[in-house]
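A.B. asks: Okay, handing you the structure first.
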Amino acid sequence: MLASCKAGAQDFNSDEAWKKAEDIINNITVPEFPDRIFNVSNFGANPDGVTDNTEAFKKAIAACNEQGGGKVLVPAGKYLTGPIHLKSNVNFHLEEGAEILFTTNKSAYLPMVHTSYEGMELMNYSPLIYAYGQKNIAVTGKGVFNGQADNDHWWPWAGKDVYGYQEGQPKQHDDKNLPSLRKMVADGVPVENRKFGEGHQLRPTFFESFECENILIEGVTFTNAPFWILHPIKSNNITVDGVTVRSHGPNNDGCDPEYSKNVHIKNSIFDTGDDCIAIKSGRNNDGRRVNIPSENIVIENCEMADGHGGVVMGSEISAGVRNVFVRNCRMDSPNLDRAIRIKTNTIRGGFVDGVYVKDLQVGQVKEAVLKINTYYAIYDNQEGDHIPEIRNIFLENVTVENGGEFGLLIKGREQSPVQNVRLKNVTIKSTEVPLSIENCEPVIFVNTTINGKEY
């Protein structure tokens, strides 16, 4: 097996891999919309920052959808609202100077909808922007979506004092919340019977497309998110273009495609409280039940600042991830922990097959340039019977100024070593420990130097 692995690595053709990335991009359907305008002002919207515009937005979206689609236009001003539910053929467009302020009144996000929390499906508070089973949807423009989450609203439920939690308050780790949901997943309770929402402390996602096709998120800014920010789940043909995400709350991942395929993330800025981009595919039994890998994901011309990881696969990865392409990105922050990261364990299981990283500029990271960890654990015992499989990880034309603690930090499993990791034209100018590698087939180095030493 080792010989064939090394031969495969030597035979790896970068041009062929990136041709596949181009094919993925060319085959993604980017939604287009009829040239019809539905100005929310004509439906009673008031940009005073105080009036509740939920019904005005709902009426404008419904009219646009019923008349065959177009652009729901939000002029400059501040608009308070509850959740926005998108419908097919609707482009919800914020003009420059428009700011959507999502109410902090939690009851506004009821009734419960079919959504997901940390890779587990459930009935819960509506995401702030939500689409279920729709086709051809978009949020575009130069305005701001402000979730208004802070240390007084939503964030304390994470249970950390840095986010406003005070001892004795309810939190997500209380028995009735995450432990209860995890037990329901383990026991195979139908999703419609996993009821949370009011009386529970599981925060909603910001933007969630659930079982949707042809999605465009372009130009807008997202800030102050309760939880994960962009979460396409069980969706196909997703374009994220020119988006700015600046949100430093708990679990504030920038973009988390889950059970999704044909995803293009480009020209965007991620400055987040958690992973910048984290590719998911369900947690534990839920991921194995759904069994839809996330695949065909191209990330390019993006900037990653603060966050736990720049581009991450996991930890909710039980259905697997394949064909991830990252190129022409810049990652740089003393608060960015890792550049490329894969995290799983033997309860999650899953696989990662095919991660292609090219033309990456890394200024500074805190822990590692590449981290692969099959012993990931943050809650309790994370050992089970589902052995992860990780293979075909390629880094090419990567320059790192300060790699932090480790250049490469790889912890595979004896039963399933990490396979076929290759570095070509990689320069890590400074790192404390160049290599820390366990249970991995020999890494292939081509024209690679770490701390001035060629490998």
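A.B. asks: Please name which of 291, 250, 264 has its Cα lying farthest along the dipole of the range 237-306 towards the positive end, using unit charges on Cβ (Lys, Arg +1; Asp, Glu -1) and the Cα centre as origin.
C.D. replies: Highest projection toward the positive end goes to 291.
A.B. asks: Let me ask something additional. Tell me the relative contact order for the range 221-368 as a rounded percent, counting alpha carbon contacts under 8 Å between residues six or more apart.
C.D. replies: Averaging sequence separation for qualifying contacts and normalising by length gives 19 percent for the range 221-368.
A.B. asks: Percent antiparallel among DSSP beta bridges with both residues in the range 142-236, to the nearest 5?
C.D. replies: Taking every DSSP beta bridge within the range 142-236, about 10 percent pair in antiparallel fashion.
A.B. asks: Something else about it: How big is the gap, in Å, between the Cα center of the range 301-323 and the Cα center of the range 220-276?
C.D. replies: Centre-to-centre distance over Cα atoms comes out at 11 Å.
A.B. asks: By how many nm would the segment from residue 174 to residue 76 grow when fully extended, if each residue of separation counts as 0.36 nm and the alpha-carbon distance is taken off?
C.D. replies: Extra length from residue 174 to residue 76 when fully extended: 31.1 nm.
A.B. asks: What shape does the range 337-402 take by its C-alpha gyration tensor, where a ≥ b ≥ c are the square roots of the eigenvalues and a/c under 1.5 counts as rounded, a/b above b/c as prolate, and the rest as oblate?
C.D. replies: Since a/c reaches 1.5 but b/c is at least a/b, the shape of the range 337-402 is classed as oblate.
A.B. asks: Let me know the charge dipole size of the range 116-168 about its Cα centre in debye, to the nearest 20, where only the beta-carbon of Lys, Arg (+1) and Asp, Glu (-1) is charged.
C.D. replies: My answer is approximately 420 debye.
A.B. asks: Give the separation of the Cα centroids, the range 337-411 to the range 136-198, in Å.
C.D. replies: Taking the Cα centre of the range 136-198 as reference, the centre of the range 337-411 is 26 Å away.
A.B. asks: Continuing with the same structure: Report, for the chain, the % of DSSP beta bridges that are antiparallel, rounded to 5.
C.D. replies: In the chain, DSSP labels about 5 percent of beta bridges as antiparallel.
A.B. asks: Take each of the peptides 271-284, 43-56, average the number of other beta-carbon atoms within 10 Å over its residues, and list them starting from the highest.
C.D. replies: Ranking, from highest mean packing down: 271-284, 43-56.
A.B. asks: Grab the range 92-214 and count how many Lys pairs have their alpha-carbon atoms under 25 Å apart, sequence gap of 8 or more, or different chains.
C.D. replies: Close lysine pairs under the 25 Å cut-off: 12.
A.B. asks: Treat every Asp and Glu Cβ in the chain as -1 and every Lys and Arg Cβ as +1, leave all other atoms uncharged, and give the resulting dipole magnitude about the Cα centre to the nearest 20 debye.
C.D. replies: 500
A.B. asks: Antiparallel DSSP bridges in the range 331-455: what percent, to the nearest 5?
C.D. replies: The antiparallel proportion sits near 5 percent.
A.B. asks: What is the percent carbon and sulfur in the accessible area of the range 1-139, measuring with a 1.4 Å probe over the protein chains and ignoring ligands?
C.D. replies: Roughly 48 percent of what the probe reaches on the range 1-139 is carbon or sulfur.
A.B. asks: Here is a follow-up. Which one of 435, 415, 217 is farthest out on the positive end of the charge dipole of the chain, using unit charges on Cβ (Lys, Arg +1; Asp, Glu -1) and the Cα centre as origin?
C.D. replies: 415
A.B. asks: Kindly express, to the nearest 10 degrees and within the range 0 to 90, the angle between helix 2-11's C-alpha long axis and the longest C-alpha principal axis of the chain.
C.D. replies: Helix 2-11 sits roughly 70 degrees off the main axis of the chain.
A.B. asks: So how tilted is helix 178-187 from the main axis of the chain? Cα-based, degrees 0 to 90, rounded to 10.
C.D. replies: 70
The values are calculated or read from the model by the stated rules, or taken from the named source; none is laboratory data. Since the structure is predicted, the reported quantities are computational estimates derived from the model, not experimental observations. Backbone-built Cβ (ideal geometry, glycine too); neighbour counts: all protein chains shown. These area figures cover heavy atoms from the full protein model, side chains too; ligands, DNA and RNA do not enter into them. Shrake-Rupley method; radii C 1.70, N 1.55, O 1.52, S 1.80 Å.
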